[in-house]
1. Could you give me the residue pairs with C-beta distances under 6 Å whose first residue belongs to the stretch 1-29 and is under 19 Å from S71 (Cβ atoms), whose second residue is charged (D, E, K, R) and crowded, with 19+ Cβ neighbours inside 10 Å wherever it lies, and which are 6+ apart or on separate chains?
2. Which condition number in (1) closer than 20 Å to R7 by Cα; (2) part of a loop (DSSP other than H, G, I, E, B) is the one that D69 fails?
3. Residues in the stretch 30-57 that are over 23 Å from Y10 (Cβ atoms) and without any contact (Cβ under 8 Å) to a residue 40 or more places away in the chain: how many?
4. Scanning the stretch 10-45 for residues that are farther than 15 Å from A82 by Cβ and small (G, A, S), which turns out surrounded by the fewest Cβ atoms within 10 Å (Cβ to Cβ)?
5. For D64, indicate whether it is under 14 Å from F91 (Cβ atoms), outside any strand (DSSP E or B) and of a type in the set (D, E, K, R).
6. Tell me, yes or no, whether the stretch 28-37 has at least one residue that is of a type in the set (G, A, S) and within 10 Å of the chain's Cα centre (by Cα).
Amino acid sequence: MQVLKSRKGYGKLLAAKLEFVRIRYEMVVGRTPFGLSGYAFLQGEADALRVRWLLPDVQLRLRDMRVVDLSITEVFGTTARAEMIAIPKWFLYSLI
């Protein structure tokens with residue numbers, strides 16, 4: 001995968017009927033043979049990440065109030081890997 005854009009920071013992980021969790025994130029968008037793919041690496045409380053891993057989708061709210069829809073695919077202790085459900089337009093505009 002050829003990395004086109006990455007972003008790091010702090011945000012809140014939101015899920016239906018659960019309180020938010022503060023996390024540290026790194027988002028990466030890259031070009032693959034099949035098109036663009038987006039991933040996020042999350043660091044936070046192990047128990048909170050594990051509970052959200054069981055949900056079909058969660059939202060990452062950034063400090064600037066932008067939102068990214070994610071699906072958590074793996075959890076290893078305090079670290080989780082997630083796929084972007086859709087790459088946000090505001091993220092793509094910064095590639096042009």
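1. The qualifying pairs are A15/R52.
2. (2)
3. 7
4. G35
5. Yes; evaluated as a whole, the condition is true for this residue.
6. no
For every residue, the table says whether it meets (1) in a strand (DSSP E or B); (2) farther than 24 Å from Y93 by Cβ; (3) of a type in the set (V, I, T).
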{"site": "V3", "(1), (2), (3)": "yes, no, yes"}
{"site": "Y10", "(1), (2), (3)": "yes, no, no"}
{"site": "L14", "(1), (2), (3)": "yes, no, no"}
{"site": "E19", "(1), (2), (3)": "yes, yes, no"}
{"site": "E26", "(1), (2), (3)": "yes, no, no"}
{"site": "S37", "(1), (2), (3)": "yes, no, no"}
{"site": "F41", "(1), (2), (3)": "yes, no, no"}
{"site": "L60", "(1), (2), (3)": "yes, no, no"}
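Where a number appears in this text, it was derived from the coordinates with a stated rule and is not lab data. All figures in this text were calculated on a predicted structure; none of them were measured in a lab. In this analysis, Cβ positions are derived from the backbone assuming ideal geometry, glycine residues included, and neighbour counts consider all displayed protein chains.
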